[in-house]
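K.L.:
Sharing a structure with you now.
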Amino acid sequence: MNKNHSLPYMQRTITRINKLDEAELFILKKRLAIATGVVLTLTAVIILRLWFLQVNKGFEFEERAKVNRVRALRIVAPRGNVLDRKNRLLITTRPSFNVVWTREDTPDPALVIKRLSKILGDDITTILDRIRAGEDIPKYLPLLLKEDIDWRTLVYIENNHLKLPGVRIEVVPAREYLYDNLASHMAGYLGEIDRAELEESRGGEYEGGDRIGKQGLEKIFEKQLRGEKGVLMVEVDARGFEKKQLAKKEPLPGNDIKLTIDADLQVAAEKAMAGRAGAVVATEVDTGRLLVLASSPPLELNEFVGGISRDAWQAMLDDPLHPLPNKAIQGQYPPASIYKMVTALAGLGEGLITPDTVVNCTGSLRLGSRAYRCWKESGHGMVDLTRALAESCDVYFYKIGLELDVDRLAFYAGSLGLGKKTGINLEHEKSGLIPTADWKRRTYREPWQPGETLSIVIGQGFNLTTPLQINVMTATIANGGVIYQPQFIKEIIDPDGKTIRNFPPVRTGEYQDKEANLELIRRGLVAAVNDPLGTGSNARLNEITVAGKTGTAQVVQLSHVEDIEEEMIPYNRRDHAWFTAFAPAEKPEIAVTVLVEHGRHGGSAAAPIAKQVLREYFKLNGDPKDRRQPE
Amino acid sequence: MFRFDRRLLLNFDWTLLVTVVIVAAMGLANLYSATYSSEAGASSYFFRQLYFYLLGSGLILAVISVDYRILLTLNYPIYIITMALLCIALFFGDSVASTQRWIDLGLFRLQPSELAKLALIINLASYYYRKDTGKGFTLRELVAPILLTGLPFTLILMQPDLGTALMLAVIFVSMTLLVKLKARTIISLASSIICLIPIAWLYVLKPYQKRRIFTLFNPELDPHGSGYHIIQSKIAVGSGLMFGKGYLKGTQVHLKFLPERHTDFAFSVWAEEWGFIGSIVLLAFYCFLILLALKIAGSARDKFGVLLCFGIASLLFWQAFINLAMLLGLLPVVGMPLPLFSYGGSSLLTTLLGLGIIFNVGMRRYMTSNP
């Protein structure tokens, strides 16, 4: 083959090569030497930089590398339990399972969303809304899709995790209510910690997303219940995925709270109140310990577990029976005829009446131009103190009111604990109102009118009381004059079962007058329940002597519609029904107070509920006469 | 047709080959670690890179079997084909991370911008070789090389791939500085570059690229955005300390804190696992490799060979320097692979082709006449 087949072009090139002269070669070599110098210099720059980063500052970066990869994960402690007085578990903690999704790990999000929609039983739009709400969350962080899924869903997701890339189950503790909504207002609920609460906790016990007590004892005893968080040191990758566990500090469970409440009794009270608005309070008269503290209707506690929805909250606000306030301590109602006990004590104390004073009730009493009517139009005839209390004769008390100074009446009311907070360890307690002449001047810039006293003596007018206050007063009358602070916590118990705090009874005051006068009231209350004409006969029990007083509190003055059929009155204008009682009359143990909002008559609406609570109490605790025999 | 000449084998630079093999072995070992996972073991990246080495070795053999001077006749066809590929990539190519850099060839995706570097070197070398009168280049004579560089530069900038585009400019400047220029030319070129910088800042750089330049000076400004790469790379390198964390034991790598650890940030993996000492060893081999290439350039039999070798040596050197300076936080983050170290078929084949040309020039340094 011809080896000189190359193009003519190539030939010229070869001629050129031979032209490369020594001088030019020298210049090129000089420039290549400069290039070598540049290479060496810049290599030295890199080496110096490496020295600076790896040797000079190396330990600093080593520390930062550690911070990069080691995360301290907080482990939420199991919250303390809530027990009743007989150590029955009312509220505990269970693991709940949330579905979270790390979008970055999902190659085909549309398919996963479609599958999840089927599994969770949610609309695709519901899931998309959740995803949209978490748009700010980086794609490599888990996004909460659904809280508190059930076991079947959990098992299904775990078994099909290969079909659901990026979807995980997260376990978090959640409240479990073993007695449903029992004592819901007292228990309160948890909610996500807000910014203010987060800033307030300087000890760093909390972090964003924590659930914290928002109401009731969950809030008040938050520090006892929350326990101590554990820490899990984990090695994570850049996406925050756990790769290895390095060290673990177990969380410390919270302390248990033992209530003074008797679950059975509370159940009975709430059952009796079902469908009605109002409150039931029952206490041990010798300690002030609460056996029942119920506000009806109850809060739907489970609605709060995963964070309450706007709809559920709005439904509570719109409910005509007003489930949100704790009516036992926040509801303020005119005491009505219940207050006649105070008037009677004032009359006795001020010497206006004696046990033998007899008044002729003709159905009304005239003062000035106005006739003050007794509830019984035909009149009660000749009544003494016992009958006046038993049959709730208004005229008898009007008579006292004609001579009684309103400020003196207020003194006796205060001496029984009315007009001020009882001091129960719950938030938002109301103090009620016991009017005085001074109060009227301050509030209305008007002097006290004698006619107003006549409204006050039968518990209408300006008077306002809470069911809890009435219960405290009843217990005080029953126990011979000692005012106890109502308590609903008996003990705080640490996770080892050791009692770390006891709550002994607290005396907050004493009835300021003769004990004998209290006995006269008690006698009247026994008659009210047990005499044939007594207003409280609906609370009568066969084996136990119950003593009680009814009350019917006017919501609006209905004198001008006197003849209207009761059924025709709209619900929210109907009278409130009161009944307060203690038993056994011979040696009182329990005081029960019932208020039924718009229940019309104390005797017919409230007394039967008190009776059910009392019957349950003696069924649970036995007849006191049998109990005392061994002593 | 082709008669094998013994002298070719005698003049083959075995030292350079051994150096290349050592650096390649380090790169492969490092890639194995960078993409290793305890669950899955070796990754497909490692094997793919290995195949590319085999393919590249074949290419080297092909390249050295023909006298490099054939490139003087092939320079324009090579240029035109490369530009056509760049246009195809830009208008019909696969879009990855909203850039248009790749052409899908079925077996692998070709990145024509890598080939463009080599095409530019060949064309600049042949232009300067042919036009050199020995009196120095005038500005008018530089118009052609500027246009030769400007076309691929613009096409690559449109992808957009600032790193590779800048690399072309750096190659142009390096090679032009090697040939003799008239003093006037140097002055006017330098002043026009100074004028061009503000224009480039205002109209050419994308916002994310400007951000990268800002974060160079203070990466903590944007620790989760554009500063993330620099911060994580510095942490990985710095935490390697004097002796490193040990092979396969780099926490920042294996916990995926280090981004792009198998491509541009491959050296950070090396520095974390082998420490300062290991980094120095690698740098020494690298430096040696470049110096050998420069030495071959200096011993070439003709000026074309000198220019070719020098162009390729500068390509290798500047890529390595910019890559290292970038991941040590000395230069802004631009896409720039570390030759023989970063994963990437197109980049590796380009590097091996370039090395093949250097071997070729070195083998034929004593052949003053047509065999």
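K.L.:
Condition first: farther than 15 Å from B:Leu115 by Cα, not in a helix (DSSP H, G or I) and not β-branched (Val, Ile, Thr). Now tell me which residues in the stretch B:160-190 satisfy that.
P.N.:
Those that are farther than 15 Å from B:Leu115 by Cα, not in a helix (DSSP H, G or I) and not β-branched (Val, Ile, Thr): B:Pro160, B:Lys180, B:Leu181, B:Lys182.
K.L.:
A follow-up question, please. Restrict the check to the stretch A:302-322 and report whether at least one residue is on the phi < 0 side of the Ramachandran plot, touching a Pro at 6+ places or on another chain (Cβ under 9 Å) and surrounded by 22 or more Cβ atoms within 10 Å (Cβ to Cβ).
P.N.:
No: the stretch A:302-322 contains no residue that is on the phi < 0 side of the Ramachandran plot, touching a Pro at 6+ places or on another chain (Cβ under 9 Å) and surrounded by 22 or more Cβ atoms within 10 Å (Cβ to Cβ).
K.L.:
Follow-up. For the structure I just gave you, tell me whether A:Gly368 is crowded, with 23+ Cβ neighbours inside 10 Å, out of contact with any Lys or Arg (no Cβ under 8 Å at 6 or more places or on another chain) and modelled with pLDDT under 95.
P.N.:
Answer is no for this residue.
K.L.:
Here's something else I'd like to know. Would you mention how many residues in the stretch A:464-508 are under 27 Å from A:Gly331 (Cβ atoms), outside any helix (DSSP H, G or I) and over 28 Å from the mean Cα position of the chain (by Cα)?
P.N.:
2
K.L.:
So B:Gly250 fits all but one of (1) facing chain A (nearest Cβ under 10 Å); (2) free of Cβ contacts under 8 Å to residues at least 60 places away in the same chain; (3) not hydroxyl-bearing (Ser, Thr, Tyr); what number is the exception?
P.N.:
Only one criterion in (1) facing chain A (nearest Cβ under 10 Å); (2) free of Cβ contacts under 8 Å to residues at least 60 places away in the same chain; (3) not hydroxyl-bearing (Ser, Thr, Tyr) is unmet by B:Gly250, namely (2).
K.L.:
State yes or no: is B:Leu315 assigned to a helix (DSSP H, G or I) and crowded, with 24+ Cβ neighbours inside 10 Å?
P.N.:
The answer is yes for B:Leu315.
K.L.:
Return the total of residues in the stretch B:321-371 being of a type in the set (A, V, I, L, M) and within 13 Å of chain A (Cβ to nearest Cβ).
P.N.:
Total satisfying the criteria: 11.
K.L.:
How many residues does the stretch A:232-258 hold that are modelled with pLDDT under 80 and not charged (D, E, K, R)?
P.N.:
Residues flagged as modelled with pLDDT under 80 and not charged (D, E, K, R) within the stretch A:232-258 amount to 10.
K.L.:
Mind checking which residues of the stretch B:287-306 are facing chain A (nearest Cβ under 7 Å) and of a type in the set (A, V, I, L, M)?
P.N.:
The answer is B:Ile290, B:Leu291, B:Leu294, B:Ala297, B:Val306.
K.L.:
Further question: Just one of the numbered conditions (1) touching a helix residue (DSSP H, G or I) at 6+ places or on another chain (Cβ under 9 Å); (2) surrounded by 16 or more Cβ atoms within 10 Å (Cβ to Cβ) is not true of A:Asp438; which one?
P.N.:
(2)
K.L.:
A further question on this structure: Would you say B:Lys206 is surrounded by fewer than 17 Cβ atoms within 10 Å (Cβ to Cβ) and either within 23 Å of A:Ala35 (Cα to Cα) or of a type in the set (Phe, Trp, Tyr) (or both)?
P.N.:
no
K.L.:
I've got another one for you. Do we have any residue at all in the stretch A:52-64 that's surrounded by 14 or more Cβ atoms within 10 Å (Cβ to Cβ), within 30 Å of B:Leu74 (Cα to Cα), facing another protein chain (nearest Cβ under 8 Å) and modelled with pLDDT of 85 or more?
P.N.:
no
K.L.:
The conditions are (1) within 7 Å of another protein chain (Cβ to nearest Cβ); (2) touching a strand residue (DSSP E or B) at 6+ places or on another chain (Cβ under 6 Å), and A:Arg79 fails exactly one of them. Which is it?
P.N.:
(1)
K.L.:
A further question follows. Consider only pairs whose beta carbons are under 9 Å apart and that are at least six residues apart or on different chains; among these, list those whose first residue lies in the stretch B:119-138 and is more than 29 Å from B:Leu86 (Cα to Cα) and whose second residue is at pLDDT 85 or above and not in a helix (DSSP H, G or I).
P.N.:
B:Asp132/B:Val179; B:Gly136/B:Val179; B:Phe137/B:Val179
So that you can scan it fast, the table gives a plain yes or no per residue for (1) touching a Leu at 6+ places or on another chain (Cβ under 7 Å); (2) within 30 Å of B:Pro207 (Cα to Cα); (3) among the hydroxyl-bearing types (Ser, Thr, Tyr):
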residue: B:His229; (1), (2), (3): no, yes, no
residue: B:Val237; (1), (2), (3): yes, yes, no
residue: B:Met242; (1), (2), (3): no, no, no
residue: B:Leu248; (1), (2), (3): no, no, no
residue: B:Leu258; (1), (2), (3): no, yes, no
residue: B:Gly275; (1), (2), (3): yes, no, no
residue: B:Gly278; (1), (2), (3): no, no, no
residue: B:Leu282; (1), (2), (3): no, no, no
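K.L.:
Tell me which strands (runs of 3 or more DSSP E) are completely within the stretch A:119-229 and hold 1 or more residues being at pLDDT 85 or above and within 26 Å of A:Gly80 (Cα to Cα), or say none if there are none.
P.N.:
The strands (runs of 3 or more DSSP E) meeting that bar are A:167-177, A:190-192, A:211-213.
K.L.:
Which of the residues that make up the stretch A:564-600 are among the charged types (D, E, K, R) and in contact with a Gly (Cβ under 6 Å, 6 or more places away or on another chain)?
P.N.:
A:Glu597
K.L.:
Continuing with this model, one more query. Would you please name the residue that is farthest from the chain's Cα centre (by Cα), looking only at residues in the stretch B:129-145 that are buried (at least 17 other Cβ atoms within 10 Å of the Cβ) and among the hydrophobic types (A, V, I, L, M, F, W, C)?
P.N.:
B:Phe137
K.L.:
Tally up the residues in the stretch A:462-486 that are surrounded by 18 or more Cβ atoms within 10 Å (Cβ to Cβ) and under 18 Å from A:Ser337 (Cα atoms), please.
P.N.:
16
K.L.:
Could you list, in sequence order, the residues of the stretch B:146-182 that are free of Cβ contacts under 8 Å to residues at least 24 places away in the same chain, away from every other protein chain (no Cβ under 14 Å) and over 16 Å from the mean Cα position of the chain (by Cα)?
P.N.:
Listed by number, the residues that qualify are B:Leu147, B:Gly150, B:Thr154.
K.L.:
Same structure again: Consider A:Ser295 carefully, then state whether it is out of contact with any Leu (no Cβ under 9 Å at 6 or more places or on another chain) and surrounded by 20 or more Cβ atoms within 10 Å (Cβ to Cβ).
P.N.:
yes
K.L.:
Turning to a different aspect of this structure: So for the stretch A:452-460 (the condition being more than 21 Å from A:His185 (Cβ to Cβ), outside any loop (DSSP other than H, G, I, E, B) and in contact with a strand residue (DSSP E or B) (Cβ under 6 Å, 6 or more places away or on another chain)), does at least one residue qualify?
P.N.:
Yes, there is a match, as at least one residue in the stretch A:452-460 is more than 21 Å from A:His185 (Cβ to Cβ), outside any loop (DSSP other than H, G, I, E, B) and in contact with a strand residue (DSSP E or B) (Cβ under 6 Å, 6 or more places away or on another chain).
K.L.:
Keeping to the stretch B:226-247, report how many residues are within 22 Å of B:Val333 (Cα to Cα) and in contact (Cβ under 8 Å) with a residue 40 or more places away in the chain.
P.N.:
Residues that pass the stated criteria total 6.
The values are calculated or read from the model by the stated rules, or taken from the named source; none is laboratory data. Fair warning: this is a prediction, and the values are worked out from it, not measured in the lab. Ideal geometry is used to build each Cβ from the backbone, glycine not excepted, and the neighbour counts take in all protein chains shown.
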